[in-house]
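This report concerns only the one structure given below.
The values are calculated or read from the model by the stated rules, or taken from the named source; none is laboratory data. This one's a predicted model, so the numbers in the text were calculated from it and none came from an experiment. All Cβ positions, glycine included, derive from the backbone under ideal geometry; neighbour counts span all protein chains shown. Heads up: the accessible areas ignore ligands, DNA and RNA and are worked out on the full protein's heavy atoms, side chains in. Shrake-Rupley method; radii C 1.70, N 1.55, O 1.52, S 1.80 Å.
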Amino acid sequence: MRVYIGTPLAGLLVPKLIGNRLRGFARGAATTALNVCVTSPFTSAAVALLFTDVDDFANTYVTALAATMPMTMVASYLIIGPAVKLLFNNRISPAGGLQALRDLQQHAASLMRLFGM
């Protein structure tokens, strides 16, 4: 969802909505909020389609969106973003990062079974 829908839409909207007006924390928070606002409606719709009947779709969609959007923003900005930046900036060289991606690709099926997918 993020790769095919979120990133291209956010790439178009960031220069128009955020531009060079914000710096530091405000820019990071605004970019995270924009990414969440772009991707959450699509993921909430997918969740609602998977777990509800057609008659109750609107109610489930609004409930899922109201629950997931704030939590996604908090988790993305305070947990996932710093962890990924710390890992890539301090521990993974560009060559090591490519090797890690190759290893993940090679063992993707085993990892998915491990996580119950």
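Could you count how many residues in segment 1-22 are of a type in the set (Gly, Ala, Ser) and open to solvent by 30 Å² or more (accessible area, probe 1.4 Å)?
Of segment 1-22, the ones of a type in the set (Gly, Ala, Ser) are 6, 10-11, 19.
Cutting the leftovers down to open to solvent by 30 Å² or more (accessible area, probe 1.4 Å) gives us 11.
Residues flagged as of a type in the set (Gly, Ala, Ser) and open to solvent by 30 Å² or more (accessible area, probe 1.4 Å) within segment 1-22 amount to 1.
Within segment 23-41, residues that are under 15 Å from Leu65 (Cα atoms) and open to solvent by 20 Å² or more (accessible area, probe 1.4 Å) have Cβ atoms under 9 Å from residues that are part of a helix (DSSP H, G or I) and aromatic (Phe, Trp, Tyr) in these pairs: Ala33/Tyr77; Pro41/Tyr61, counting only partners at least 6 apart in sequence or on another chain.
Condition check ((1) in a helix (DSSP H, G or I); (2) closer than 21 Å to Leu12 by Cα; (3) at pLDDT 85 or above; (4) not aliphatic (A, V, I, L, M)) across all residues:
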| residue | (1), (2), (3), (4) |
| --- | --- |
| Thr39 | yes, yes, yes, yes |
| Asp56 | yes, no, yes, yes |
| Tyr61 | yes, no, yes, yes |
| Ala66 | yes, no, yes, no |
| Val74 | yes, no, yes, no |
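Among the residues making up segment 85-106, those that are at pLDDT 75 or above and open to solvent by 70 Å² or more (accessible area, probe 1.4 Å) are Lys85, Leu86, Leu87, Leu98, Gln99, Leu101, Arg102, Leu104, Gln105, Gln106. In segment 42-54, of all residues being over 16 Å from Met1 (Cα atoms) and part of a helix (DSSP H, G or I), the one that is least open to solvent (accessible area, probe 1.4 Å) corresponds to Val54.
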